[in-house]
Amino acid sequence: MNTIFYHNAKSWADQSQIDLDNNKYLSSWVKTIPARLYYLIDAITNFAIAGFNIFRCGYEMIRMVYTWGKEDRNFLSIAGDLQSSLNHIVSDIAGMVLIKLGKDLRDKENFLIVGTAVCIVIPLSIAFFNSL
């Protein structure tokens, strides 16, 4: 679900890109500030939505176990919504750092890749620093 905050961030990023193309660097940089703030607000919104979807997945998982797996349509739909919220959080965080990247990552399935990378990199870095 794309919120109004994302649409505002995208609008500011597009205006910033137009100024950048016209060699108006200061104006372009100033227009990135509201875009970053809107990305932050959208990330917070999607984080709240993801928490609610985790709760809904738990409820539907109980229902699915109770019906021996026959009623899994709602669970699969809610799991898709949860993955979408997590993808939006990743793209919003990328958008806060690199404006254009956040816009480009919005509709891609990027949470699985980032989640896997984080799950591998963090334990390896902890092991490396403990071995020093």
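The values are calculated or read from the model by the stated rules, or taken from the named source; none is laboratory data. Here the structure is a predicted model, which is why all the values come from computation and not from measurement. When we count neighbours, we look across all protein chains shown, and the Cβ atoms used for this are built from the backbone with ideal geometry, even at glycine. Please note that ligands, DNA and RNA were not included when accessible areas were found on the heavy atoms of the full protein model with its side chains. Shrake-Rupley method; radii C 1.70, N 1.55, O 1.52, S 1.80 Å.
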Query raised in the report: Which condition number does A9 fail, the rest of (1) within 23 Å of I113 (Cα to Cα); (2) of a type in the set (A, V, I, L, M); (3) open to solvent by less than 70 Å² (accessible area, probe 1.4 Å) being met?
Result: (1)
Query raised in the report: Got a number for residues in segment 20-39 being in contact (Cβ under 8 Å) with a residue 24 or more places away in the chain and either open to solvent by less than 70 Å² (accessible area, probe 1.4 Å) or not in a helix (DSSP H, G or I) (or both)?
Result: 5
Report task. Can you give me the ranges of the helices (runs of 4 or more DSSP H) entirely in segment 41-132 with at least 1 residues that are of a type in the set (G, A, S), modelled with pLDDT of 85 or more and open to solvent by less than 90 Å² (accessible area, probe 1.4 Å)? Result -> 73-97, 111-131
Requested in this report: List the number of the failed condition for N22; all other conditions in (1) modelled with pLDDT under 90; (2) over 23 Å from E109 (Cβ atoms); (3) of a type outside the set (S, T, Y) hold.
Outcome: (1)
**Report entry** Any chance K10 is in a helix (DSSP H, G or I) and in contact (Cβ under 8 Å) with a residue 40 or more places away in the chain
**Finding:** yes
Query raised in the report: Is there a residue in segment 78-87 that is touching a Phe, Trp or Tyr at 6+ places or on another chain (Cβ under 6 Å) and within 27 Å of Q17 (Cβ to Cβ)?
Result: yes
